[in-house]
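The values are calculated or read from the model by the stated rules, or taken from the named source; none is laboratory data. Keep in mind it's a predicted model, so treat the numbers as computed, not measured. Note that each Cβ is placed from the backbone with ideal geometry, even for glycine, and that neighbours are counted across all protein chains shown.
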């Protein structure tokens, strides 16, 4: 259910030009969602909060949402475990997102952090949110202003309208893997999909899954998304556009949020993010994987 905002966003993907003209509106909330994944010999990749980078330079007026902090369930077994929908609504409200606000999300590098928060807002039942195309990288390439320090946004009330069906667990994925009407899509690189290079404990992919690497959906110079037509073609080639239900996954539910975001933009209704993704799947040897 969308919030009752008096300010409707033009789309779920907004341009830097549009945002530059909208900054300063009292009912618009802008948030930096940056997180960094750094190589780590023990955990494959270490997650590091983007807060220091945010405090060094962010879009004027933007607050910060920390995925490594309160937006990951402390009781979760796996990194980035999504809090329950009602808890998400409380957290977003504490950060100034209310029923009467509009929200624009961005990150400093890859948009997967912004799309993750966009999906979490949907899980909580809030739809009046958009991702900034190109994020901070494109904003700065264009010479637009940034500011330093931190912005504190007054708390607001966000009434939850939970959509737990937008997230799926391992048992649901296992069932989906054998259903011809379901397309399971891996958002990791083609190399990882084949079982080469970095992996999460067992190389390869969930058996039967197709592959649309999230990183290939971006212009590497600006971090802006490719055209909707190009992205739709990639999703169609993977079988996602013709499936009754689509289940995107990755290593920990972050890159796959780009897939869930774009499938929703392209009109797909029955899409569920495998939140723990391979971080969970690889821990059970009985769960089928493929390489090659």
- Task: Scan the stretch 111-153 for residues that are under 21 Å from residue 55 (Cβ atoms) and within 11 Å of the chain's Cα centre (by Cα) and report the count.
- Result: 5
- Evaluation of residue 152 against (1) surrounded by fewer than 17 Cβ atoms within 10 Å (Cβ to Cβ); (2) in contact (Cβ under 8 Å) with a residue 60 or more places away in the chain; (3) outside the structural domain of residue 258 (by TED's automatic domain parsing); (4) on the phi > 0 side of the Ramachandran plot (one fails), failing number: (4)
- Task: Could you please tell me which pairs satisfy a Cβ distance under 9 Å, a separation of 6+ or placement on different chains, a first residue in the stretch 185-198 that is at positive phi, and a second residue that is surrounded by fewer than 14 Cβ atoms within 10 Å (Cβ to Cβ) and in a loop (DSSP other than H, G, I, E, B)?
- Result: 195/291; 195/292
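Just to be sure I understand, how many residues within the stretch 170-186 are outside any helix (DSSP H, G or I) and closer than 8 Å to residue 247 by Cα?
Step one: list which residues in the stretch 170-186 are outside any helix (DSSP H, G or I), which gives 178-186.
Among the residues that remain, those that are also closer than 8 Å to residue 247 by Cα are: 182-185.
Looking only at that region, the number is 4.
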- If you go through the stretch 1-35, how many residues are touching a strand residue (DSSP E or B) at 6+ places or on another chain (Cβ under 6 Å) and at pLDDT below 90? 2
- Query: Any residue in the stretch 239-246 that is farther than 19 Å from residue 175 by Cα, surrounded by 15 or more Cβ atoms within 10 Å (Cβ to Cβ) and at pLDDT 95 or above?
  - Reply: yes
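Restricting to strands (runs of 3 or more DSSP E) lying wholly in the stretch 2-101: which have 2 or more residues that are under 21 Å from the mean Cα position of the chain (by Cα) and buried (at least 17 other Cβ atoms within 10 Å of the Cβ)?
On the way: elements: 28-32, 35-40, 44-49.
Of the strands (runs of 3 or more DSSP E) lying wholly inside the stretch 2-101, those with at least 2 residues that are under 21 Å from the mean Cα position of the chain (by Cα) and buried (at least 17 other Cβ atoms within 10 Å of the Cβ) span 28-32, 35-40.
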- Only residues that are in contact (Cβ under 8 Å) with a residue 40 or more places away in the chain, closer than 14 Å to residue 119 by Cβ and part of a loop (DSSP other than H, G, I, E, B): list them for the stretch 236-284, please. 250, 252, 253, 254, 272, 275
- Lone unmet requirement of (1) modelled with pLDDT under 95; (2) touching a helix residue (DSSP H, G or I) at 6+ places or on another chain (Cβ under 7 Å); (3) more than 30 Å from residue 278 (Cα to Cα) for residue 144: (1)
